[in-house]
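Inspection log for the structure reproduced underneath, given as C-alpha cells.
The values are calculated or read from the model by the stated rules, or taken from the named source; none is laboratory data. Because the structure is predicted, anything quoted here is derived from the model rather than measured. Note: ideal-geometry Cβ built from the backbone for every residue, glycine included; neighbour counts use all protein chains shown.
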C-alpha cells in the first residue's frame, strides 16, 4: 500500500505561476484529498496574489481577504487526480473570466469580495480555479489581470506541471519559455471542489 501511495503522490504536479513584479506566488505539497486515501485521490494547490497570501495554500483565504485592497486579486488553483469520474468541466483552458460570471457574497467571505470559480479536466486531472477580487464588481483591468496569459500541462509525463502567468505580468515569449522548460518541450491544452479546499493542510 505504501508503494501505491508514493506512486500516487509522485504522479501529480502543481500548476506553477511564473514569478512577476507585483505578484506573490506559493506552491503547496501533493497530499491525499480530505477523507480518502492517497491511492484514490491526491491534490496540490498553488496561489498567486497581488497582496501577500496569508493563509495555507489550500484554505479559504480569510486572512488574505482581510488584507486585500479594492484593486487586489488572488488566484488559487487546485490540481487533483482521483479515481472515478470527476465534475463536469465548466470551461476549457485558458479561462476567460466574464463579468457576468463574477459574484459577490461567497459564503464565509465579506460581501465586498467577489469571486469567480471554474472547473476543467485535462486528461485524468481535475483542475479548479478560484479567483477573488477586492471589490464587489471588478474593473476591466482586474478581469484582464486575473486571466492567465498562458498555461499548459506537459504531455511527456503523467505528472508534468502547468505553467501560468496572470495576463500582462510577463511578455508571452518569457511565459512560453517557462512552459517549455517545465513540460520538457511538449504540452497539451487544458480541456472545484470546495470540499477539497476546506480541509487542505498547510503548505
Requested in this report: Collect the residues in segment 1-34 that are at pLDDT below 90, closer than 26 Å to residue 74 by Cβ and part of a loop (DSSP other than H, G, I, E, B), keeping them in residue-number order.
Outcome: 12, 13, 14, 18, 19, 20, 21, 22, 23
Requested in this report: Quick one: count up the residues across segment 32-48 that are more than 26 Å from residue 68 (Cβ to Cβ) and surrounded by 18 or more Cβ atoms within 10 Å (Cβ to Cβ).
Outcome: 4
Requested in this report: Might you check whether a residue that is within 23 Å of residue 18 (Cβ to Cβ), in a loop (DSSP other than H, G, I, E, B) and out of contact with any strand residue (DSSP E or B) (no Cβ under 7 Å at 6 or more places or on another chain) occurs anywhere in segment 79-102?
Outcome: yes
Query - Out of 77, 73, sole residue that is under 21 Å from residue 120 (Cβ atoms), buried (at least 19 other Cβ atoms within 10 Å of the Cβ), in contact with a helix residue (DSSP H, G or I) (Cβ under 6 Å, 6 or more places away or on another chain) and at pLDDT 85 or above - result: 73
Requested in this report: Could you list, in sequence order, all residues of segment 127-145 that are touching a helix residue (DSSP H, G or I) at 6+ places or on another chain (Cβ under 9 Å) and surrounded by 18 or more Cβ atoms within 10 Å (Cβ to Cβ)?
Outcome: 128, 130, 131, 132, 133, 134, 138, 143
